[in-house]
Ligand SMILES: Nc1ncnc2c1ncn2[C@@H]1O[C@H](COP(=O)(O)OP(=O)(O)O)[C@@H](O)[C@H]1O
Ligand SMILES: [Mg+2]
């Protein structure tokens, strides 16, 4: 993208929204969160603080409630007890608080969830245009910027079905980034990918981590976790079992469940 | 293989399939006469087709009378041979079949409406034609209003033509078009309401939909025409055709909502979640993410409903509105054209018109369906 009018580049504003300059030192604050699906107690007394710039990797056995926890952060799921405060905004029934938080929190799903009827570019510009009210031209400039960053600028005109899984997931990341979020949530972003495509997605996420993005990542990619995580969280049976920095978490797990889980996943 | 190990030395290049399995002769043999049962089915079908086609061709063309000015020209006594279709009857009544009793010097308004409608519709149906949004706004938003003033008149120097004078294909098309234009948005709202998380709204939509689906169209038309005036205040005097249009729209809207609901159900949960995670509110999520996909899925079902509606319009006859078929029956009563073949001729003519229109719609739907299933967007 060439820009002859220098001030017309809205991505120039992107660093200004960077986490280092925003007001709140705590990005996500969950206290005493309990959630039930019918009679099933899926989240049990969740207490978790994520500081700005932190990268939390959540792992644990399937069905442990990892996705549900993540989805409470942008209130795609609601909960019955407890408080969730995102960037200083408490999530309540109030739709305004929910909208406010969703504008600042990007999410990447296991199944990509790209909009199949829209081109890659339109996938990326939809929310900036209709949620942030950005003019199309600016939204496209931003979209090209982030597509470049996930290294697929040449696919902008294609439709999701014409891309490989890895490319689709990178578009999904770009789509979330186009809203210039302060926090990114990843729910098993590489689990649905063929093995040869996992790396390209992880590389994108590593680059994002290096840029200082606040991230909450559910993944079983332990190599990635070791490389970028500031803290590891192990979840099982709806509760947080162990929280620790990566080195002690991997070399010296303290809870039996952590040991059992790590021995399964590292072999 | 004798050895447990194997290493390919040379890659096999792709080659063409053997001639016996491709091409027309193979296809014929396989599909038409592949087995004794297939062969029997083929022969029987061919016989039935021939038995149907030959008399039709004879009636419509070979034995048909092409020139004449009254019933006498279509009588066996006059032409001294078996008589097929009496086309002069259609020619004499053609204006009525097309426009009812719309004043002859004003018929250009109907034709102009048709032309404008087609000019806007055709590019809308061609996927590659540009300016789809503008085109859709013109066709669905501006055209109905323009058509209303053009056909009804009473403004812009056009003489007023009462709907009582409308008839024939004009009425058929007006009812069908209004039914389509009205039932799709109504159907969308009802389908969304039925899936709403607000219980009261949901129940209302369920009751509304089930009510209209449970009542035959004839009853709806009767009610709209003869009962509704009793319920409405005196000052609300609605035009008879407008009353019927409202009844048809509500009726078709209820059916449409069930078709559209099927499409909504087919959209994966992840699409809703992704839209919400991006911060899109309910209406924007529906408008930009969910409905475009859901409506695409149900195009075949919607087209089915459109064709059904097109054919059902003929029921308005019972409330004294004369669509194409109604006008036809009125023409049968004309003693000037009373011959043994008049009725058959009339129905053959109406059948051809209904068939052409329905066939074109359904072929187009098939084309759209194929396009969508190959995964090419837009
Ligand atoms: N919408 C739902 N309704 C009922 N149960 C659910 C729903 N979503 C998830 N669950 C259940 O909650 C538990 C936790 O799910 P999830 O958060 O997806 O676990 P994880 O991501 O750790 O595998 C699972 O037992 C799952 O079956
Ligand atoms: Mg999960």
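Miscellaneous remarks
- Residue A:43 vs. criteria within 16 Å of ligand 2 (Cβ to nearest atom), modelled with pLDDT of 90 or more and farther than 30 Å from residue A:159 by Cα: yes
- Test result for residue B:238, within 14 Å of another protein chain (Cβ to nearest Cβ), over 19 Å from residue B:307 (Cα atoms) and not in a helix (DSSP H, G or I): no
- Within the range A:83-104, the set of residues being within 10 Å of chain B (Cβ to nearest Cβ) and either farther than 23 Å from residue A:205 by Cβ or in contact (Cβ under 8 Å) with a residue 60 or more places away in the chain (or both) comprises A:95, A:98, A:99, A:100, A:103, A:104.
- Taken over the range A:158-173, the residue count meeting the criterion of being in a loop (DSSP other than H, G, I, E, B), within 12 Å of chain B (Cβ to nearest Cβ) and surrounded by 18 or more Cβ atoms within 10 Å (Cβ to Cβ) is 1.
- Scanning the range B:277-286 for residues that are within 16 Å of residue A:118 (Cα to Cα) and more than 7 Å from chain A (Cβ to nearest Cβ) gives B:285, B:286.
- Only a single item in (1) surrounded by fewer than 24 Cβ atoms within 10 Å (Cβ to Cβ); (2) touching a helix residue (DSSP H, G or I) at 6+ places or on another chain (Cβ under 6 Å); (3) closer than 30 Å to residue A:159 by Cα is not met by residue A:128, and it is number (1).
- Of all residues in the range A:84-93, none are within 16 Å of ligand 2 (Cβ to nearest atom) and more than 18 Å from residue A:179 (Cβ to Cβ).
- Residue in the range B:259-268 that is over 20 Å from the mean Cα position of the chain (by Cα), closer than 20 Å to residue A:105 by Cα, without any contact (Cβ under 8 Å) to a residue 60 or more places away in the chain and facing another protein chain (nearest Cβ under 10 Å) present: no
- Any pair with Cβ under 7 angstrom, 6 or more apart, that starts in the range A:67-79 at a residue that is over 16 Å from residue A:98 (Cβ atoms) and ends at one that is more than 10 Å from ligand 1 (Cβ to nearest atom) and not in a loop (DSSP other than H, G, I, E, B): A:69/A:46
- Taken over the range B:140-161, the criterion of being farther than 15 Å from residue B:107 by Cβ, in contact (Cβ under 8 Å) with a residue 24 or more places away in the chain and surrounded by fewer than 19 Cβ atoms within 10 Å (Cβ to Cβ) is satisfied by B:140, B:144, B:146.
- Qualifying position, being within 14 Å of another protein chain (Cβ to nearest Cβ) and out of contact with any strand residue (DSSP E or B) (no Cβ under 8 Å at 6 or more places or on another chain), among B:294, B:308, B:320, B:274: B:294
- Here is the figure for the range B:321-333: residues that are in contact (Cβ under 8 Å) with a residue 12 or more places away in the chain and more than 18 Å from the chain's Cα centre (by Cα) total 9.
- Scanning the range B:196-206 for residues being part of a loop (DSSP other than H, G, I, E, B) and surrounded by 13 or more Cβ atoms within 10 Å (Cβ to Cβ) gives a total of 1.
- Residue in the range B:192-207 that is within 18 Å of the chain's Cα centre (by Cα) and either on the phi < 0 side of the Ramachandran plot or modelled with pLDDT under 85 (or both) present: no
- If you filter the range A:36-82 down to residues that are more than 12 Å from ligand 1 (Cβ to nearest atom) and within 14 Å of chain B (Cβ to nearest Cβ), you find that the one that is surrounded by the most Cβ atoms within 10 Å (Cβ to Cβ) is A:74.
One line per residue, one yes/no per condition, for (1) away from chain B (no Cβ under 11 Å); (2) under 29 Å from residue A:50 (Cα atoms); (3) surrounded by 21 or more Cβ atoms within 10 Å (Cβ to Cβ); (4) in contact with a helix residue (DSSP H, G or I) (Cβ under 9 Å, 6 or more places away or on another chain):
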position	(1), (2), (3), (4)
A:106	no, yes, yes, yes
A:120	yes, no, yes, yes
A:147	yes, yes, yes, yes
A:153	yes, no, no, yes
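- Hey, residue B:209 over 30 Å from residue A:111 (Cβ atoms), in a helix (DSSP H, G or I) and either in contact with a helix residue (DSSP H, G or I) (Cβ under 6 Å, 6 or more places away or on another chain) or more than 14 Å from chain A (Cβ to nearest Cβ) (or both) or not: yes
The values are calculated or read from the model by the stated rules, or taken from the named source; none is laboratory data. Note that this is a predicted model, so its numbers are computed, not measured. In this analysis, Cβ positions are derived from the backbone assuming ideal geometry, glycine residues included, and neighbour counts consider all displayed protein chains.
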